Structure formats: C-alpha cells, structure tokens
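**Student:** My structure is below; once you've seen it, I'll send some questions.
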Amino acid sequence: MLFAVLARKAYARNLQYRGSHLLHNAVSAVFGFIYASIWSGLGSDSSLGDYGAKGMVSYIAFNQAVLWITQFTTNGLGLEQSVRTGQIAVDLMRPVHLFYQAMSREWGQVWYQFLYKFIPIYVLYMFIFSLQLPQKASVYGWTAIALVAAAYISICMNYLIGIAALWTTESRWLYWLNYSFSMLLSGFFIPLEWLPGWLRTISGFTPYPYLLYYPTRIYMQFEQGTIVLGALLWGIGFTCVCLAVTHAVRRKLEVQGG
C-alpha cells in the first residue's frame, strides 16, 4: 500500500535525527513549564473559572504536547521547495495524486512526533505537575479521534500553503501567517471563552479551535466527544478544496528551477 510506504519512509527519515530532536523536546518542555508556571501564579489570586489553577496547568501541559501533532507540521508539506527545485514537475507526472503523496509522507512525520515528542513531553509534565489521567476509556478514544482530525486539518492547510508556491513562488509567509492566527485562535495559551467576544466569534468561524482547544477540552472532560463532528466537516471541506486546487495546478505549472 503506497500510503504505508510513503509514511514509513518519512518516519524512518526522522529516526536518523532522534538525537538532535531531543533538543527540541527540551526547549518545548521548558516553554511549557514557563507557561504553566505563569498560570499557576495567576491562579493563586484568581479562581480561573471552571479550570482552576490545577486545571489550567493541565490545559497548558496537554496543549504544549499536542503542538507537535497539530501545529508543528512541515512547512507547506515541502511543496514550496519542490517548486523551487523543479521536483514538482516529476511529482505531478507520477500516477499518484499529489495531495495523496504529500499527505502520506506527512502522516509518517506526525506519527514520529507523536511517539518521540508528544509522549515524552507529556509524560515529563505528568511527573513535574502531578497531572491526573482521565479514568474513562471513552475519553481516550474521543481524544484520539479529535487529534487525528486535527492533524488532518493541519496537513490540508499546509498543503494549500505549499501549493500556493505554484502561483506566488514564495509561500513561507503564508505558513507564518497561518501559524500566528493558529496560536491566537486555537486557544493555545488562553482558553477561547476568555477571549474578547468579537475575537471569540471570529475563532468560531475558523478551523483553529479544532486543532488545540477542543481536543484538550475533550481530554479534560469539559466537552462531549461529539464535538469532533465539526472537525470532520472541516476535514471534508478542506479535502474538496485540496483536490480542486490540485486539479487547477495540473492545468498551470510554472517551475522555478530544474
């Protein structure tokens, strides 16, 4: 199966850099510790709503680990570089849909980051902050579905960013623009219900809450698992857009290298 082959190759490629990735884990863990400490300090003077000081620490800890699955995906799925080198012409000639190729490779990276970044970072936080795990098996099931849906949405968004390089040549700025909006509207550092009303309304019309906010709320048992239906609808919509854009790309290809 081609999907498994491409994903396995991406996973194996990342395995060669496990040593250097330990530094990423250490830096990410430190940032998460700082964020959690800030909320812990704020919680000493405020109730922090439904979360409480302990709950906000758990919220930040889970979000910091989830970043590696839903946020830190490959910039444009590597398509911008393919356009600049001319490799995109070869990729489009292959008897496999370009979206399927890029998506399959990225799933290998997501799986690697789940095993070697998400799990180690969250386990470390469990010991540092004495985090409590959910007792219901259904919570883990819904959380897993929410994370898979979130990762897929992120993959689709990065595919569209990468494929934009066929028209703009340089699409890296789109990646950072998307990253900035995501950090603001996904509820990473501040739960969405604490945002100003107008900003909370805007976030409700975007897919960003499904990347961090809702998976974390499901894990913390503040949301029902059925909320992932919204993520599935976004996933279907993004899939249609990705397929339509790829169809347009086949009609107009401009290679910047070779």
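**Student:** Treat each spin label as a single point 7 Å out from the Cα along the C-beta direction, and report the Met183 to Met93 distance in nm.
**Tutor:** 4.1 nm
**Student:** Taking the Cα centre of the chain as origin, sum charge times position over the Cβ atoms of Lys and Arg (+1) and Asp and Glu (-1), and report the length of that vector in debye to the nearest 20.
**Tutor:** 700 debye
**Student:** Now for a separate question. Pairing the Cα long axis of helix 172-185 with the longest principal axis of the chain, what angle in degrees results, from 0 to 90 and rounded to the nearest 10?
**Tutor:** Tilt relative to the chain: about 20 degrees.
**Student:** Something else now. For the chain, give the percent of accessible area contributed by carbon and sulfur heavy atoms, probe 1.4 Å, rounded to a whole number.
**Tutor:** Solvent-exposed carbon and sulfur of the chain make up 67 percent of the total.
**Student:** I've got another one for you. Can you give the alpha-carbon Rg of the chain over 2.2 N^0.38 Å, where N counts its residues?
**Tutor:** 1.05
**Student:** Per residue of the range 239-246, in order, report the coupling 6.51 cos²θ - 1.76 cosθ + 1.60 (Karplus, θ = phi - 60°) as ³J(HN,Hα) in whole Hz, putting x for Gly and Pro.
**Tutor:** Per-residue couplings from phi come out as 4, 4, 5, 4, 5, 5, 5, 5 Hz.
**Student:** Between Lys54 and Leu23, what's the calculated FRET efficiency when r is the beta-carbon distance and R0 is 51 Å? Round to 0.05. Before the final figure, lay out each step's value.
**Tutor:** Numbers: r = 30 Å, r/R0 = 0.58.
It comes out at approximately 0.95.
**Student:** Expressed as an acute angle from 0 to 90° and rounded to the nearest 10, what is the orientation of the C-alpha long axis of helix 18-43 relative to the principal long axis of the chain?
**Tutor:** Value to nearest ten degrees: 40.
**Student:** Shifting gears a bit: Round to a whole angstrom and tell me the spacing of the C-alpha centers of the range 179-258 and the range 3-17.
**Tutor:** For the range 179-258 versus the range 3-17, the Cα centre distance is 26 Å.
**Student:** A further question on this structure: How long are the three semi-axes of the equivalent ellipsoid for the range 6-108, computed from the Cα gyration tensor as the root of 5 times each eigenvalue, in whole Å, largest first?
**Tutor:** In descending order, the three semi-axes are 40, 15, 11 Å.
**Student:** Which listed residue (Thr70, Leu184, Gly108) has the Cα farthest towards the positive end of the charge dipole for the range 62-216, taking +1 on Lys and Arg C-beta and -1 on Asp and Glu C-beta about the Cα centre?
**Tutor:** Sorting the options by dipole projection puts first Gly108.
**Student:** Across bins of 5 angstrom width beginning at 0, how are the C-alpha pair distances of the range 111-151 distributed, in whole percent?
**Tutor:** 6, 19, 19, 29, 22, 4
**Student:** Taking Cα atoms, how many degrees apart are the long axis of helix 2-15 and the longest axis of the chain, rounded to 10 and kept between 0 and 90?
**Tutor:** The helix 2-15 is inclined about 60 degrees to the chain.
**Student:** Between Phe114 and Gln16, what length in nm is gained on full extension when 0.36 nm per residue of separation is reduced by their alpha carbon distance?
**Tutor:** Details: separation 98, 0.36 × 98 = 35.28 nm, distance 1.60 nm.
Answer, rounded to one decimal: 33.7 nm.
**Student:** With a 1.4 Å probe and every protein chain left in place, work out the accessible area per residue of the range 1-47 in Å², rounded to a whole number.
**Tutor:** Per residue, the range 1-47 has 67 Å² of solvent-accessible surface.
**Student:** I need the Debye-formula profile for the range 144-210: one equal scatterer per C-alpha, no solvent, reported as log10 I(q)/I(0) at q = 0.15, 0.21, 0.24, 0.27 1/Å, two decimals.
**Tutor:** Log-scaled intensity ratios, in q order: -0.55, -0.91, -1.04, -1.14.
The values are calculated or read from the model by the stated rules, or taken from the named source; none is laboratory data. Bear in mind the structure is a predicted one, so any value in this text is a computation, not a measurement. Here the Cβ is made from the backbone with ideal geometry for all residues, glycine too, and neighbour counts use every protein chain on show. These accessible areas exclude ligands, DNA and RNA; they are computed on the full protein's heavy atoms, side chains included. Shrake-Rupley method; radii C 1.70, N 1.55, O 1.52, S 1.80 Å.
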